[in-house]
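Student: Here it is, the structure in full.
Each value in this text was obtained by applying a stated rule to the coordinates, not by laboratory testing. Just so it is clear, the model here is predicted, and its values are computed rather than measured. Every residue, glycine as well, gets a Cβ built from its backbone with ideal geometry; the counts of neighbours run over all protein chains shown.
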Amino acid sequence: MPEVEQDRNAVGSFSTPAKGKSAAVEIFESIIIAVLLAAIIRIFVLAPFYIPSGSMVPTLLEGDRIIVSKIAYRFWEPKRGDIVVFKYPRDPSRDYVKRLVGLGGETVALKNSRLYINGQEVPEKYLPPGLRFGDYGPIRVPEGHYLMLGDNRNVSEDSRYWGPLPEKNIIGKALMIYWPLHRIRLLN
């Protein structure tokens, strides 16, 4: 019967450190690579955010921590209903999270605690049950802008106060709640 020998040069095989390289140097190099990869992912792909207020209750609670995709809108257009993290237009050093309700070119109105887009009522199943809020609009959302509202409309400083959000202010799309553990879930 022929003998089988492990090919130590095969892909996926393990080897000892290269001659002249100590295990400590290899560990250090691995840590540097891991830190660089984590930084690249954090800067360009995914980022954690903390929810400091109740403006998105019941979807997001104060103290929730979420993961945001910074690249989602490079491949897909933002759409109505997305939960979006963005630079606050009045102070770009602050990040806000709200729900996108109006797209560029649409006419948006709030009337009798209902959302209307181009005169048609749009159901909002994510709002707290029985929520009553004031009328707003109609307002035509300029192209390249979005109308952003908090789910907890009575405590949300949103587009009703600072106007439509410029597309350039968008950081990314909220994907999931990752903390606290009992609230882990995908968003949207």
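Student: If the cut-off is a Cα-Cα distance under 17 Å, which aspartates and glutamates reach K87, setting aside same-chain residues fewer than 8 apart in sequence?
Tutor: Output for K87: D95, E157, D158, E167.
Student: Taking K and R as +1 and D and E as -1, what net charge do the other residues with C-beta under 9 Å from the C-beta of F86 add up to?
Tutor: Values: positive: K87, K98; negative: D95.
Neighbourhood net charge equals +1.
Student: Quote to one decimal, in nm, the extra length available between E167 and R114 on full extension: 0.36 nm per residue of separation minus the C-alpha distance between them.
Tutor: Details: separation 53, 0.36 × 53 = 19.08 nm, distance 2.49 nm.
Value of the extension gain: 16.6 nm.
Student: With the crude spin-label approximation of a point 7 Å out along Cα→Cβ, what separation in nm comes out for T107 versus R94?
Tutor: 3.2 nm
Student: Return the distance in nm (one decimal) between the two label points of a simple spin-label model at L61 and I27, each offset 7 Å from Cα along Cα→Cβ.
Tutor: 4.1 nm
Student: Given a cut-off of under 8 Å on Cα pairs at least six residues apart, what relative contact order in percent is computed for the chain? Working shown, then result.
Tutor: Values: 332 pairs, mean separation 42.1, N = 188.
Across the chain, relative contact order equals 22 percent.
Student: Also, quick follow-up: If the convex hull of the alpha-carbon atoms of the chain is projected onto planes in all directions, what is the mean projected area in square nanometres?
Tutor: Working: hull surface 72.2 nm².
Mean projected area for the chain: 18.0 nm², to one decimal.
Student: Using alpha-carbon positions, what is the distance between the centroids of region 61-126 and region 171-188, in Å?
Tutor: Rounded to whole Å, the Cα centres lie 16 Å apart.
Student: Give me the one-decimal nm value for the distance between modelled label points at V35 and Y50, 7 Å along each residue's Cα-to-Cβ direction.
Tutor: 2.3 nm
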